[in-house]
Amino acid sequence: MHLTRRYFLKSTGAVVTYLGVTPLLPALARAATPRQVARNKVLVVLFLRGGADGLNLVTPYGDSHYYDLRRGIAAPLPKAGDAGALIDLDGFFGLNPRMLALKPFFDSGLCAAAHAVGYDKNTRSHFEEQDTWETGVAGNTIHSDGWLNRHLVTSTGHGPIRAVSIGDGLPRIMQGKAPAYAVRGLEELNLPKTARAMDPEMMSAALEHAYQGAAQGAKGAATELLAQSASATLEGVRQLRAVTSGPYTPAAGVEYPKSELAKKLAQVARLIKADVGLEVAEVDLGGFDTHQNQGRGGEGALGNLAATMADATAAFAKDLGDRMDDVLLVTLSDFGRTAFENGTGGTDHGWASCMFLLGGAVQRASRPEVVLADAGALKSPTGSRAVLTRWPGLAPDQLHEKRDLQHTTDFRDVLGEIVGVHLGNDNLKAVLPGHEFKRLGMIA
């Protein structure tokens, strides 16, 4: 049977379920023996859409060329008592002035930034680069599933709801052969009576009709497969509704900001606490295409976005408390920005950028005995584990094409370490095909 059409089943206006029932898997995924993933481990992906300016989120103030390149938008050097100055991390890098909420997590080792991250075929196109970071495949991404979905295909989990995106639709990173849910808002979940009463056989008949063009003679097998998926889908939606049967109360003393991002992360925290088997979650924060009026340091559009991200993720970590030992939140973005500012007070599409990693896996990797045992692990020029990098420098002859921060860490190595070490799925060549992995020592 070769069913190749993919589709969404809209079981309610608030939840969209991606039914990846087609068995036409990539050869590598077909050959991979599914791994039982680590119990209770959760990965939360926060996609910063638009191309986040890593140089003004985690600033290399110890590299004097930074101030030569960004005279109008550079953040002031760290200075005690100055709320507009960089927040010192390690004597070389400073955090954006509006990201103070994350400083305690850097201090405790729970948070780190990976810097100068990218890959060597960056096109600087939003469409192409978001595709690349979401599929984990450089070049031909048109027919590629999301790398998070390939992780789900090549592993087995511990509950009925493994993958959820909080948003209006399922992002590319979760599309593929394994079921995943896109939920606009947990508080909006309410199956209509017709959907509640529909049994799997009735739903499979409707889905079979949607599968126009299925191979001749595959009707019986297709119906059985669709019935199984319909049954699993309805059960998953019922469980999602059960989670939202009452109001959500964060941990004592935790108050989420009023931003949409904070609202989404609170919903992810709620699912994690509900113990429904959630393994991967995805949320978006847009607006990072700062071509003009970006703002100086923590001011302006970028500063506002930095504050939104930091305040929401800090509340999320506080809400989960000890559960953060098993949770890892990571940020992705299309690309970085140009090393120099442009003529309109902004930055243009660039090359390498930074990624934030927040969770117990980061803290474990920063312990002295772990660092000593992993001599090749990334660290900042000062030897700190707050910023993990092989810093390429910002001198004119160190820039990529004389305009961008050079990448020294391939983003697929970061993703591979997350999938293999944190989630416990060593089918890396199936999850991220076509890449030779390097150990980074970012997480443990």
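Just give me the residues in segment 427-444 being assigned to a loop (DSSP other than H, G, I, E, B), closer than 21 Å to Thr154 by Cα and aliphatic (A, V, I, L, M), in sequence order.
Within segment 427-444, just Leu432 meets the criteria.
Taking segment 75-94 only, how many residues are of a type in the set (A, V, I, L, M, F, W, C), buried (at least 21 other Cβ atoms within 10 Å of the Cβ) and closer than 18 Å to Ala339 by Cα?
So the count comes out to 3.
Which of the residues belonging to segment 365-382 are surrounded by fewer than 19 Cβ atoms within 10 Å (Cβ to Cβ) and either within 15 Å of Pro60 (Cβ to Cβ) or at pLDDT 95 or above (or both)?
Pro381, Thr382
Would you confirm, using the coordinates I've provided, whether Gln363 is among the polar types (S, T, N, Q) and over 19 Å from the mean Cα position of the chain (by Cα)?
No; evaluated as a whole, the condition is false for this residue.
Checking the structure you have, find out if any residue of segment 133-145 is over 17 Å from Phe288 (Cα atoms), modelled with pLDDT of 95 or more, in contact with a Phe, Trp or Tyr (Cβ under 9 Å, 6 or more places away or on another chain) and surrounded by fewer than 24 Cβ atoms within 10 Å (Cβ to Cβ).
No, segment 133-145 has no match at all.
Looking at segment 310-318, can you tell me whether even one residue there is surrounded by fewer than 22 Cβ atoms within 10 Å (Cβ to Cβ) and in contact (Cβ under 8 Å) with a residue 12 or more places away in the chain?
Yes, some residue in segment 310-318 is surrounded by fewer than 22 Cβ atoms within 10 Å (Cβ to Cβ) and in contact (Cβ under 8 Å) with a residue 12 or more places away in the chain.
Within segment 141-162, identify whether any single residue is closer than 30 Å to Gly297 by Cα and touching a residue at least 12 places away in the same chain (Cβ under 8 Å), and answer yes or no.
Within segment 141-162, none of the residues are closer than 30 Å to Gly297 by Cα and touching a residue at least 12 places away in the same chain (Cβ under 8 Å).
Residues are listed down the side, and each one gets a yes or a no for (1) at pLDDT below 95; (2) under 23 Å from the mean Cα position of the chain (by Cα); (3) under 20 Å from Gly383 (Cα atoms); (4) not in a loop (DSSP other than H, G, I, E, B):
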| position | (1), (2), (3), (4) |
| --- | --- |
| Val21 | yes, no, no, no |
| Leu25 | yes, no, no, no |
| Tyr61 | no, no, yes, no |
| Ile73 | no, no, no, no |
| Phe92 | no, no, yes, no |
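Considering only residues of segment 330-342 that are assigned to a strand (DSSP E or B) and not β-branched (Val, Ile, Thr), which is surrounded by the most Cβ atoms within 10 Å (Cβ to Cβ)?
Arg337
For segment 294-319, name all the residues that are part of a helix (DSSP H, G or I) and within 24 Å of Ala339 (Cβ to Cβ).
Gly300, Ala301, Leu302, Gly303, Asn304, Leu305, Ala306, Ala307, Met309, Ala310
Might you let me know whether segment 366-380 holds any residue that is among the polar types (S, T, N, Q) and in contact with an Asp or Glu (Cβ under 6 Å, 6 or more places away or on another chain)?
Among the residues of segment 366-380, at least one is among the polar types (S, T, N, Q) and in contact with an Asp or Glu (Cβ under 6 Å, 6 or more places away or on another chain), which makes the answer yes.
The values are calculated or read from the model by the stated rules, or taken from the named source; none is laboratory data. Given the structure is predicted, the values throughout are model-derived calculations rather than measurements. Methodologically, a virtual Cβ is constructed for each residue, glycine included, from the backbone with ideal geometry; neighbour enumeration extends over all protein chains shown.
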